[in-house]
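The values are calculated or read from the model by the stated rules, or taken from the named source; none is laboratory data. Because the structure is a prediction, the values reported are computed rather than measured. A quick note on method: Cβ atoms are made from the backbone with ideal geometry, for glycine too, and the neighbour counts reach across all protein chains shown.
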């Protein structure tokens, strides 16, 4: 993927295989992959380049035993930022996570250990979240005298609902295991989250790129619209996607009874 070859990162590791599966690794294990300002800038750079790279799917993983412990509180304390300074930090977080959510490329997050605070905001910008038995989710901002600044009020509240998010922030409530699946924090709970994430990424990469682009961008845009506007936008997107050449080929295979059927295992 030529668009990625010239990129150099300190806090991320990026690779891609011949099938167009890009692997993005959070690479600050000594800090439990906490997100400092430099890492956020690297995420902005990377997810600006990825949609133009030819990547067909992304697996977002982490080095070490934790996915991401959130905002780098040591850096935040040392910087002693003003309100205006921290507002601009938060806006860069939004820039990074918006580029992920609206990228048009399926992003599958392989979770483990802590998915806490800003780490949960990062995970919620992925399209699919896969957890393992070690994974736990929390928003401890209230206990630390903080408030979410990277989109939790948008994405996490959308996943679990306003009341659950308020409870998490007020009390430090932790979700894990089947309970985390049941409230919507993750879609899968497996023994090996990375293996499952790569399997999902490879399955998604077999879809036509235009279909994936619509699924991984249009739905989020439509959620921001009125019902009337969303209905119109959905019709326009369906008109474009459902008449692409790849759709015709696959519909022909369905009509010929050569396509895989949708059946429970």
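Restricted to the range 1-17, and to residues there that are out of contact with any strand residue (DSSP E or B) (no Cβ under 9 Å at 6 or more places or on another chain) and at pLDDT 95 or above, the residue that is farthest from residue 55 (Cα to Cα) is 10.
Within the range 142-167, the set of residues being more than 16 Å from the chain's Cα centre (by Cα) and closer than 20 Å to residue 76 by Cβ comprises 142, 143, 144, 145, 146, 147, 148, 149. Quick check on my filter: what residues within the range 188-204 are more than 27 Å from residue 242 (Cα to Cα) and surrounded by fewer than 16 Cβ atoms within 10 Å (Cβ to Cβ)? 191, 192, 195, listed by residue number. (1) more than 21 Å from residue 52 (Cβ to Cβ); (2) in contact with a helix residue (DSSP H, G or I) (Cβ under 9 Å, 6 or more places away or on another chain): which one isn't true of residue 100, the others all being true? Result: residue 100 passes all but (1).
Considering (1) within 13 Å of the chain's Cα centre (by Cα); (2) more than 22 Å from residue 142 (Cβ to Cβ), the lone condition that residue 118 does not fulfil carries the number (2). Say we look at the range 50-71 and pick out the residues that are at pLDDT below 95 and out of contact with any helix residue (DSSP H, G or I) (no Cβ under 6 Å at 6 or more places or on another chain); which of these is farthest from residue 203 (Cα to Cα)? If we take residues in the range 50-71 being at pLDDT below 95 and out of contact with any helix residue (DSSP H, G or I) (no Cβ under 6 Å at 6 or more places or on another chain), then 51 is farthest from residue 203 (Cα to Cα). If you check residue 106 against the conditions, is it modelled with pLDDT under 95 and within 19 Å of residue 15 (Cα to Cα)? No; evaluated as a whole, the condition is false for this residue. Regarding residue 66, is this residue outside any helix (DSSP H, G or I) and either assigned by TED's automatic domain parsing to the domain that holds residue 199 or in contact with a strand residue (DSSP E or B) (Cβ under 6 Å, 6 or more places away or on another chain) (or both)? Judged against the criteria, residue 66 is a match. Taking the range 51-63 as the range and being surrounded by 16 or more Cβ atoms within 10 Å (Cβ to Cβ) and within 20 Å of residue 194 (Cα to Cα) as the test, the residues that pass are 55, 56, 57, 58, 59, 60, 61, 62.
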